[in-house]
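Working notes, structure below.
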Amino acid sequence: MCGIVGYCGLRQASDILIDGLKRLEYRGYDSAGICVGNSGLLNIVKRKGKIKDLREVVPLEFKGLYGIGHTRWATHGEVNDTNAHPHSDAAGKVAICHNGIIENYESLRAILTKEGIVFRTETDSEVIAHLVSRSYKGDLFEAVREAIGLLKGTYGIVVVHADEPGRIVGARNGSPLVAGIGDDEMFLASDVTAMMAHTKQVLYLEDGEMIDIRPSGYTISDAHNREVEKKIESITWELEQIEKHGYAHYMQKEIHEQPQSVLRAIQGRFNREGATAKLGGLNLTPKELLNIERVKIIAAGTSYHAGMVGAYLLESLARIPASAELASEVRYRNPIVEKNTLYFAVSQSGETADTLYAMRELQRKGATVLGVCNVVGSTIARESDGGVYIHSGPEIAVASTKAFTSQISVFYLFTLLMARTRDLSIEGGLGFVCGLESIPEYIGKALAQKPKIIELAKKYAQAQDFLFLGRGINYPVALEGALKLKEISYIHAEGYSAAEIKHGPIALINEVTPSLFLIPDDHLREKVISNMKEIKARKGPVIAVCVEGDQEVMNIADDYIEVPKVHELFYPYVMVVPLQLFSYYCALELKRNVDQPRNLAKSVTVE
Ligand code: F6R
């Protein structure tokens, strides 16, 4: 969602803030602003649009050694210069940037209005600036502490005061905040990418904590205002991992990185002697693994689709009842936590509010929840009872791609582990290990279909509607293909089980509504071919993603994309890659902003 950055030190703050915001732009990109403090004054510039628009309007004389900045994903109030952060109090002495939602802002606004405050924006966030100002008696930390005591909702905030040069106060409740430690300088941000160019020494704040930074150091305190000693962590990512490396878009780069990112997810995680997987972070003994009777996976969006693949695998190979559910639905239906059920919370960012809150609710009821996250040190990774990092490296494009193939990799490993504690033989286990180890190479072969996919994108990008159809383990892949296409090209697309279309969606079929079928050579192939013929009989255009050389399918479909033959349980890897490429090239054809699609943002930290 929104991105926050703060800096105090010996260098000019505006450059550091704007560079930090540029790195955070993938989190929200409808407007942005910075506030820089100098000689008892706070100077604020904010602009609707991208960071480059903001950069253009920051005056050269915008000098000062401390400040805060924000890139916005609007929740309350339209997208315009005024509603952009930072927000200040009436006297222009206090400035704040906020990520999250203040749920009681209307009642606070009414109280402040009665006291004579005139609000300038439509945002929920502006109340924070006025509350801090009202409480300020010469100590910014105390004023912020008093102000946040009145807030209900979620926030990651950074606050400065004109009379306290070099000081920034931050507070966290439900929206991430991380501090970076430099030499005579300190940083605050909603995620580490904003400060990676300057420091790799970071401190992750927990909910309820506040931080007080100055160039010379920091103090952290908890909700009871007791000082907290925190372990300094080192960021393991390299800055060059968040560069584009010659690709036109991050999404393109991330799609092409998948042979390596999948390798990173699986390497070092096999125990060949035992023909099984080793996942140390699970914190579960073989006995505890054996006692698991059910697995439930909670997640949102692409991560949910990965969870569906995981559930299918666990049932089919490890023979453990497993299901995936939308995290947003789990939390509010008073979930029943059964004994011997293991939960997974899957989240690339590790910050998705729906998944985090569902996880907390399950934990409150006594569940063991393991995290499957990409971002090291993220809230879900820290609060889960154990888990596995997917090691994709930073995923910057808003549309998730490489995280999906790495998330499913973790489920392939976990399935192997569970299957080996049950019925799978040593030979079966070794066969599975070999299959998984060859996946990076097969993903490379699927990527080689690019020229054909570019051609098809040119042919089909003008379609108004699209159906994506698959079955079995490839049904979630069809859902993922539809999600990718609508997200970045804005073509309306639906994913269905190929068997399900005759129960309704077939009414949509006409000469201009294409259907994309996933047809591996698995046990459902004949049935999917029949479904494809039903579409052809109604003159619907058909694209088939099929196994190389499958002449029967190629003869029926109008167009086809060939993928390499793999064991039937591994098809999600090679089926999803052409769908990612297809959505990417359709979006290019339609001249969409691929990395920053309309209305979306990476890391959805509001419910
Ligand atoms: C799709 C996409 C979203 C995310 C969803 C969950 O391309 O990016 O659907 O998958 O918001 O995000 P994480 O995995 O960070 O919890």
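The values are calculated or read from the model by the stated rules, or taken from the named source; none is laboratory data. Please read all numbers here as calculations on a predicted model, not as lab measurements. Here Cβ is always computed from backbone atoms with ideal geometry, including for glycine, and neighbour counts include all displayed protein chains. Areas reflect the complete protein model, heavy atoms only, side chains present, ligands, DNA and RNA absent. Shrake-Rupley method; radii C 1.70, N 1.55, O 1.52, S 1.80 Å.
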Practice prompt. For a quick protection proxy, order the peptides 537-550, 122-135, 451-464 by their average other-Cβ count within 10 Å, most packed first.
Written response: 122-135, 537-550, 451-464
Practice prompt. Could you tell me which of Gln363, Leu436, Ala277 has its Cα farthest along the dipole of segment 267-437 towards the positive end, charges placed at Cβ (Lys, Arg +1; Asp, Glu -1), taken about the Cα centre?
Written response: Gln363
Worksheet item: How much accessible area per residue does the chain have, in Å², with a 1.4 Å probe?
Response: 38
Worksheet item: Which residue, chosen from Leu590, Leu263, Asn173, occupies the Cα position most advanced towards the positive end of the dipole of the chain, where the dipole is computed from +1 (Lys, Arg) and -1 (Asp, Glu) charges on Cβ about the Cα centre?
Response: Leu590
Worksheet, complete the sentence: So, relative contact order of segment 191-340 in percent, Cα under 8 Å, 6 or more apart, is 13
Worksheet item: Carbon and sulfur together cover what percent of the accessible area of the chain at a 1.4 Å probe radius?
Response: 50
Worksheet item: Which of the pairs Lys230/Lys296; Lys52/Lys591; Lys93/Lys231; Lys50/Lys458; Lys46/Lys93; Lys486/Lys602 have their Cα atoms more than 22 Å apart in this structure?
Response: Lys230/Lys296; Lys93/Lys231; Lys50/Lys458
Worksheet item: Which value, in debye to the nearest 20, gives the size of the charge dipole of segment 267-437 about its Cα centre, when Lys and Arg are +1 and Asp and Glu are -1 at the Cβ?
Response: 260
Practice prompt. Just grab the label-to-label distance for Val512 and Glu142, each label 7 Å out from Cα along the Cβ direction, in nm (one decimal).
Written response: 6.9
Item to complete: Please give the direction-averaged projected area of the C-alpha convex hull for segment 314-362, in square nanometres with one decimal.
Response: 3.9
Worksheet item: Normalised by the residues of segment 267-437, what does the relative contact order come to in percent, with Cα pairs under 8 Å and at least six apart?
Response: 28
Practice prompt. Could you order Cys97, Cys434 by accessible surface area, starting with the largest, using a probe radius of 1.4 Å?
Written response: Cys434, Cys97
Item to complete: Over every pair of different alpha-carbon atoms in the chain, take the mean of 1/r and invert it; report that Kirkwood radius in Å.
Response: 25.3
Worksheet item: Rg/Rh for segment 3-235: what does it come to with C-alpha atoms and Rh from Kirkwood?
Response: 0.93
Worksheet item: To the nearest 10 degrees, how steeply does helix 525-537 sit against the main Cα axis of the chain, on a 0 to 90 scale?
Response: 80
Worksheet item: In Å, what is the Rg of the alpha-carbon atoms in segment 179-253, and how long is Dmax?
Response: 15.2, 49
Worksheet entry | Rounded tilt (10° steps) of 105-114 against the dominant C-alpha axis of the chain | 20
Item to complete: Only helical DSSP H runs with n ≥ 4 go in: add -39500 (n - 2.57) per run for the chain, normalise by residue count and round the 222 nm mean residue ellipticity to 500 deg cm²/dmol.
Response: -10500 deg cm²/dmol
Worksheet item: Which value, in debye to the nearest 20, describes the size of the charge dipole of segment 3-235 about its Cα centre when Lys and Arg Cβ atoms bear +1, Asp and Glu Cβ atoms bear -1, and nothing else is charged?
Response: 380
Worksheet item: Got a sec? Charge dipole of segment 3-235, +1 on Cβ for Lys and Arg, -1 for Asp and Glu; which of Phe62, Leu10, Gly153 is way out at the positive end?
Response: Phe62
Practice prompt. Using only the alpha carbons, work out the radius of gyration and Dmax of segment 267-437 in angstrom.
Written response: 15.0, 45
Item to complete: Beta carbons within 10 angstrom, averaged per residue: use that to sort the peptides 438-445, 302-309, highest first.
Response: 302-309, 438-445
Worksheet item: How many angstrom separate the Cα center of segment 142-208 from the Cα center of segment 38-88?
Response: 17
Worksheet item: What dipole magnitude, in Debye to the nearest 20, does the chain give about its Cα centre under +1 on Lys/Arg Cβ and -1 on Asp/Glu Cβ?
Response: 420
Discussion item. Below 8 Å between Cα atoms, with a sequence gap of 6+, how large is the relative contact order for the chain in percent?
Written reply: 12
Worksheet item: What order, most packed first, do the peptides 388-401, 558-571 have when packing is the mean number of other Cβ atoms within 10 Å of each residue?
Response: 388-401, 558-571
Worksheet item: Which angle between 0 and 90 degrees, to the nearest 10, do you get for helix 426-437 versus the longest principal axis of the chain when only C-alpha atoms count?
Response: 60
Worksheet item: Taking 0.36 nm per residue of separation and subtracting the Cα-Cα distance, what length does fully extending Leu150 through Lys278 add?
Response: 41.4 nm
Practice prompt. Can you tell me how much longer the chain between Lys231 and Lys459 gets when fully stretched, taken as 0.36 nm per residue apart minus their C-alpha distance, in nm with one decimal?
Written response: 76.6 nm
